[in-house]
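The values are calculated or read from the model by the stated rules, or taken from the named source; none is laboratory data. Predicted, not measured: the structure shown is a model, and the values here were computed from it. Glycine gets a Cβ as well: all are built from the backbone with ideal geometry, and neighbour counts include every protein chain shown. We work out accessible area using only protein heavy atoms, side chains counted, and drop any ligands, DNA or RNA first. Shrake-Rupley method; radii C 1.70, N 1.55, O 1.52, S 1.80 Å.
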Amino acid sequence: MTILLKFVFVPFIINAAIGHLGQVNYRIVDVFKYYALEAVQRPYFIADMSVLWLQIATAIIYCIDVVPFVVGYLTESYLQDNKIKSVDITASGWFFCLMCYPPFNGAAGSFIPTNVPDHVASFAKMIDAPLIGVYLHIVLNVIALLFLLAYASCSVSLGWKCSNLTSRGVVRSGLYGIVRHPAYVCKNAAWWIFAGSVAVHEAAAGRPWVFNLVCLAVFTCVYAMRAITEERHMRYTDDDYAVYCSKVPYRFIPNII
């Protein structure tokens, strides 16, 4: 099962790492290109520089997130305290995990499409007071980026234990001391901010907007089920996890869920 796990996820995680590094590189090159152009030409090359900086920040955050997984999948030792104790053998565990990754989420997206961009579009043209629209645009993007940064911090907290469908010991540091699945919460929260902004723009333009949010709700449920199957595996393979659950009783939102 460990060999199968690595066969599935090692190529993906290496490809993801290269892809995120590539995005950082491309966006930084765009910055240099932008400032190398004459002022009159710049708006034709990049209409909104704030979007480019948001894309750079997002790409860097995803790079931070993926590094612990690269090491976690490629290495395993007692020195790193990341020996694999067991791999989930249940069909439901694998199903809900794989549904969150290419190509499976892409295939599912053909039937339950979501519209999740990498930034919140401007509201300046939608609101009679353009300045309010600008501030709303900035605030929502900052909140979404903070959620993504918190999401990446969860991978940092897991350290070299990062990998899917495995039991490698309990982690209590960082946001894992507050709820048991902070990474899924933060990632989905950022997605809902991005998708919600699209829905607002679509509604204002008189276009359909409800279906995409329903589809995103389906994917959010997939992440919830993924968390539940992970907990089932951890409870069966690590007695320390029950102690952790007693000290951190909430899965997703403190004092609520």
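The lysines within cross-link reach of Lys83, meaning a Cα-to-Cα straight distance under 17 Å and a gap of 8 or more places when in the same chain, are Lys6, Lys161. Taking all protein chains into account, the per residue accessible area for segment 1-126 stands at 59 Å² (1.4 Å probe). Placing unit charges on the Cβ atoms of the charged side chains and taking the dipole of the chain about its Cα centre, the candidate lying farthest along the positive direction among Gly93, Ile138, Pro254 is Gly93. Of the residues Tyr34, Tyr44, Tyr244, the one with the largest accessible area comes first in the ranking Tyr44, Tyr34, Tyr244, computed with a 1.4 Å probe on protein heavy atoms.
Nothing charged except the Cβ atoms of Lys and Arg (+1) and of Asp and Glu (-1): what's the magnitude of the dipole of segment 1-87 about its Cα centre? Round to the nearest 20 debye.
Using Cβ point charges on Lys, Arg, Asp and Glu, segment 1-87 gives about 180 debye.
Ranking Ser163, Ala204, Ala36 by Cα position along the charge dipole of the chain, where only Lys, Arg, Asp and Glu carry charges on their C-beta atoms, puts Ser163 farthest toward the positive end.
In debye, nearest 20: dipole of segment 99-246 around its Cα centre with unit charges on the Cβ of K, R (+) and D, E (-)?
120
Dipole orientation for the chain: of the candidates Ala183, Leu213, Pro113, Ala183 has the Cα lying most toward the positive pole (charges on Cβ; Lys, Arg +1; Asp, Glu -1). Here the Karplus curve 6.51 cos²θ - 1.76 cosθ + 1.60, taken at θ = phi - 60°, turns the phi angles of segment 76-89 into couplings of 6, 7, 5, 4, 7, 6, 9, 5, 7, 7, 6, 10, 4, 10 Hz, with x standing for Gly and Pro. For Val170, the solvent-accessible surface with a 1.4 Å probe is about 30 Å², rounded to the nearest 10. Over the residues of the chain, the helix contribution to mean residue ellipticity at 222 nm works out to -22500 deg cm²/dmol, using -39500 (n - 2.57) for each DSSP H run of at least 4. Rounded to the nearest 20, the size of the Cβ-charge dipole of the chain about its Cα centre is 320 debye, with Lys and Arg at +1 and Asp and Glu at -1.
Quick one: Cα centre-to-centre distance for segment 243-257 and segment 146-193, in angstrom? The distance from the Cα centre of segment 243-257 to that of segment 146-193 comes to 14 Å.
Using the heavy atoms of the protein chains and a 1.4 angstrom probe, tell me the accessible area per residue for segment 157-257 in square angstrom.
Per-residue value: 47 Å².
Using a probe radius of 1.4 angstrom, the carbon and sulfur fraction of the accessible surface of segment 59-157 is 73%. Across Tyr135, Tyr73, Tyr184, the residue with the most accessible area heads the list, and the full order at a 1.4 Å probe is Tyr135, Tyr184, Tyr73. Screening the chain for whole DSSP H helices with an alpha carbon extent of at least 15 angstrom along the helix axis and a mean Kyte-Doolittle hydropathy of at least 0.0 yields 2-36, 49-74, 130-158, 182-204, 210-237.
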